[in-house]
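Just below is one structure, and these are the notes that go with it.
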Amino acid sequence: MSVVSAAGSQMGALRPVRSTPDTTTDVFVKKAATATGGFSPSSKVELSDRAKALLAKAEHESAVASQLAAHLAGGGRNPAAMTPLAMTRWTDNDGVPSKPTTSKQALEGIAAVKEWAKSDVFRNAANAVADDQVRALVRDGKLSQLPSLDDDQLNQLSEAERNVYGTVRSLQGLYDSMPKTLDQALADRKTLVLEAYPDEIGRMRSGLASGSLKKEDGWEDIIASREAELAAARQGTMKIHGVNDSNLVQSKGEFTVTHDGNGWSARGITVNGNASALQETFGTKNMQVGSSPYTGDYVITW
């Protein structure tokens, strides 16, 4: 039995959680002036730039901790009541960096994670394991969307809280990437083909012309298949069909997370199709199988 596989298209590789903040952080720190006016170097003690930065960071974290404590003492019921703080930014202030602040979105995300980590529902997530309870909460949109946190913000969380953050945010990214309707699944496929295939086809043709790709390896057939799908996307002749027959399509939903030195990633759905049975059913060899927890299994034909 020949198989049509779509494992790659159904996996959600996420950016590491420890990513650079969306807002650029500028660092401007004036160097200590050279001692002049008869003062010897030993008569004036200057904190190093790093020491000043660490001192400012400690003061900032103390302020954030106090604000979080006040928020949690109120039961965490009204995040909007928390004082919003601007995005982190450092400026030159007579050689002393100004205190960094944290965005309201990040502050609310940190508070939410701290609350979740206290609940037995997130006991496995605190150990970096996604279970059915947390998967269902994320799938159904029951948890507030977590923002990207930088290293300083993550350091405000305990190890268990960081695991909750990484587990939930990785799953949120994965479920967000899943089509919610068959129409969206078809539109996503069209967009992918229209944006990626022209350049991909051009590079394959160049490879054949230069000899870096060998004709005998079947590249002409691959190019022809890509061109047929691109033409269907351009002409609006691609169609999508919901499938509820394991003899045609088999899918395996995992929705698991992994954590290593590079950050967090999540794995979603592996989909396999019975090529010969699908060809007989839909009358074409041109197809792509897929699946989503919101739509079930489907086949796109052209």
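When you count the other C-beta atoms within 10 angstrom of each residue and take the mean per peptide, 207-219, 178-190 line up highest first as 178-190, 207-219. Between Glu254 and Ile269, Thr270, the built amide H atoms are under 5 Å apart, and every one of these is 5 or more places off in sequence or on another chain. Computed from backbone phi with θ = phi - 60° and the Karplus coefficients 6.51, -1.76 and 1.60, the 3J(HN,Hα) list for segment 244-249 is 10, 9, 5, 6, 9, 9 Hz; x is used for glycine and proline. Put a dot 7 Å past the Cα of Asp217, heading toward its Cβ, do the same for Ser177, and the two dots end up 2.6 nm apart. If the Kirkwood radius is taken over C-alpha pairs of segment 90-239, then at 37 °C and 0.692 mPa s the Stokes-Einstein diffusion coefficient equals 167 µm²/s. Computed from backbone phi, the HN-Hα couplings of segment 124-131 come to 6, 4, 5, 9, 6, 10, 8, 10 Hz, rounded to whole numbers (Karplus: 6.51 cos²θ - 1.76 cosθ + 1.60, θ = phi - 60°; Gly and Pro given as x). Count Lys and Arg as plus one, Asp and Glu as minus one, and take only other residues whose Cβ is under 9 Å from that of Leu208; the net charge is then +2.
3J(HN,Hα) along segment 174-180, derived from phi through the Karplus expression 6.51 cos²θ - 1.76 cosθ + 1.60 where θ = phi - 60°, amounts to 5, 5, 4, 7, 7, x, 8 Hz, with x in place of Gly and Pro. Between the beta carbons of Asp245 and Ser225, assuming R0 = 22 Å, the FRET efficiency works out to 0.35 to the nearest 0.05. Across q = 0.18, 0.22 Å⁻¹, segment 187-295 modelled as identical point scatterers on its alpha-carbon atoms has Debye log10 I(q)/I(0) values of -1.08, -1.17, in the order of the q list. By other beta-carbon atoms within 10 Å, ranking Asp297, Asp221 with the fewest at the front produces Asp221, Asp297.
With respect to the cross-link table entries Lys142/Lys190; Lys142/Lys180; Lys118/Lys252; Lys215/Lys239, which display a Cα-Cα separation exceeding 20 Å? The partial results should precede the final answer.
Working: Lys142/Lys190 30 Å; Lys142/Lys180 16 Å; Lys118/Lys252 32 Å; Lys215/Lys239 31 Å.
Table pairs above 20 Å Cα-Cα are Lys142/Lys190; Lys118/Lys252; Lys215/Lys239.
Rule-based calculations on the coordinates, nothing more; no lab input. Just so we're clear, the structure is a prediction, and the values are computed from it rather than from any experiment. FYI the Cβ positions are ideal-geometry reconstructions off the backbone, even for glycines, and counts take in every protein chain you see.
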